[in-house]
Amino acid sequence: MLQNHEIDYQIIGEEMQYVEIELDPMETAMAEAGSFMMMEDGIQMETVFGDGSQQANNSIFGKLMNAGKRLLVGQSLFMTAFTNVGQDKKKVSFAAPYPGKIIPLNLARLGNRAICQKDAFLCAAKGVSIGIEFQKKLGTGSFGGEGFIMEKLEGDGMCFVHAGGHVTEKVLQPGERIKIDTGCIVGFTGAVEYDIEYVGGVRNAMFGGDGVFFATLRGPGTVWIQTLPISRLAHRILMYGTFKQKEEGSILGGLGNMIDGDQW
């Protein structure tokens, strides 16, 4: 018997997606602050401490520890619960924060556990536990690019994570390995082994451009990979907004931008 609330859903859109969740009477969805888009009349919003799941340690100290762990992955101490208090089915929608794809994860079919990037979680059925996952090796924490602290999703309900750009899903067979840029990892199932490896060679270290460390994942399990990590997108935007473009101050000046199609 499932312990988490069972919810129906539909993902709408192409590049700027949102997920529409259908709640039966007294069903609840949990979401991060800022992800709410719209809801039908009859749904009640409530701010809750932590993730709203039934943790093993329900003492005050235990709740503080569980909620405090969320701060380590860049999340708020509080989440918002959306409960259908009406007599009929109601819908509530949550939007992705930037261009990309929303990935539905049915934890009951994924071994009741998935690991994802610390900023990937969007929303979930009530009862899904949202914690942190520490990597065992020091190298992962020191050189992992995105950091060695990731989010751990546990339970048997639906949850939704967000990724940037295009997303590909790769199923790894037992013992099969794949090497990925650390920022391009959206998430993976609990049985996948994760480590950081050094790219050898002075030329790679000095001129490689992609850094000297990458992630190695070994199956069995499923891995979700994104083409545009938000950190990479933010870095490019910062570069264009901070540094003087090469055509500025030239004879063409703004005319050069017009020729390139940057201005009209």
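I'm trying to understand the selection: among the residues of the range 94-128, which are assigned to a strand (DSSP E or B) and under 22 Å from Thr227 (Cβ atoms)?
Answer for the range 94-128, where residues must be assigned to a strand (DSSP E or B) and under 22 Å from Thr227 (Cβ atoms): Ala95, Gly100, Lys101, Ile102, Ile103, Pro104, Leu105, Ala114, Ile115, Cys116, Phe121, Leu122.
When the range 1-28 is examined, which residues are found to be under 16 Å from Ile103 (Cβ atoms) and either open to solvent by less than 30 Å² (accessible area, probe 1.4 Å) or more than 20 Å from the chain's Cα centre (by Cα) (or both)?
Across the range 1-28, the qualifying residues are Ile7, Gln17, Val19, Ile21.
Using beta carbons and a limit of 7 Å, which pairs, at least six apart or on different chains, have the first residue in the range 114-139 and among the basic types (Lys, Arg) and the second one at pLDDT 90 or above?
Listed by first residue and then by second, the contacts come to Lys126/Thr28; Lys126/Ala29; Lys126/Met30; Lys126/Ala81.
Restricted to the range 195-218, and to residues that are in a strand (DSSP E or B) and at pLDDT below 90, which residue is surrounded by the most Cβ atoms within 10 Å (Cβ to Cβ)?
Looking at the filtered set, the residue picked out is Ala215.
Which residues, taken from the range 1-32, are in contact with a strand residue (DSSP E or B) (Cβ under 6 Å, 6 or more places away or on another chain) and either part of a loop (DSSP other than H, G, I, E, B) or of a type in the set (D, E, K, R) (or both)?
Asn4, His5, Ile7, Asp8, Gln17, Glu20, Glu22, Pro25, Glu27
Can you find even one residue in the range 86-93 that is outside any loop (DSSP other than H, G, I, E, B), touching a residue at least 24 places away in the same chain (Cβ under 8 Å) and touching a Gly at 6+ places or on another chain (Cβ under 6 Å)?
yes
Among Phe134, Phe143, Phe148, which is the only one that is surrounded by fewer than 16 Cβ atoms within 10 Å (Cβ to Cβ) and at pLDDT below 85?
Phe134
Among Gly164, Gly155, Gly221, which is the only one that is buried (at least 18 other Cβ atoms within 10 Å of the Cβ) and either aliphatic (A, V, I, L, M) or modelled with pLDDT of 95 or more (or both)?
Answer to the check: Gly221.
Output the residues belonging to the range 102-134 that are touching an Asp or Glu at 6+ places or on another chain (Cβ under 7 Å) and on the phi > 0 side of the Ramachandran plot.
Within the range 102-134, Asn112 is the sole residue that qualifies.
The values are calculated or read from the model by the stated rules, or taken from the named source; none is laboratory data. Computed from a prediction, not measured in an experiment: that's the story for all the values here. Cβ: placed from backbone, ideal geometry, glycine included. Neighbour counts: every protein chain shown. Protein only, heavy atoms only, side chains kept; ligands, DNA and RNA dropped before computing areas. Shrake-Rupley method; radii C 1.70, N 1.55, O 1.52, S 1.80 Å.
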